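The values are calculated or read from the model by the stated rules, or taken from the named source; none is laboratory data. These numbers were taken from a predicted model, which means no experiment stands behind them. No Cβ is skipped: glycine too gets one built from the backbone with ideal geometry, and neighbour counts run over all protein chains shown. Side chains included, ligands, DNA and RNA excluded: accessible areas come from the protein's heavy atoms. Shrake-Rupley method; radii C 1.70, N 1.55, O 1.52, S 1.80 Å.
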Amino acid sequence: MDVSPWHLLAIAAVLGVMGQLGDLTESLFKREAGVKDSSHLIPGHGGVLDRFDSLYFAIPLAATLYRIFGVI
């Protein structure tokens with residue numbers, strides 16, 4: 001695996017932004033639905049969706065970027 005540090009920095013920056021976007025999107029869905037927690041499975045933590053909301057956007061993008069930059 002011969003990936004330049006600049007490619008890795010670009011991947012990290014894009015995934016950081018997309019993780020935040022996933023969190024904000026899930027919060028918007030909850031706000032529009034008028035609920036504080038998406039479930040009661042994990043009390044006090046916003047529900048199960050709050051544990052994974054950033055991954056919904058980041059994982060598919062990470063796989064795509066890794067493929068483009070030749071990491072995998």
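See the values below:
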{"item": "Filter result (outside any helix (DSSP H, G or I), under 29 Å from Val3 (Cβ atoms) and open to solvent by 50 Å² or more (accessible area, probe 1.4 Å)) within segment 35-72", "result": "Ile72"}
{"item": "Identity of the residue in segment 1-34, outside any helix (DSSP H, G or I) and modelled with pLDDT of 80 or more, that ends up most open to solvent (accessible area, probe 1.4 Å)", "result": "Gly34"}
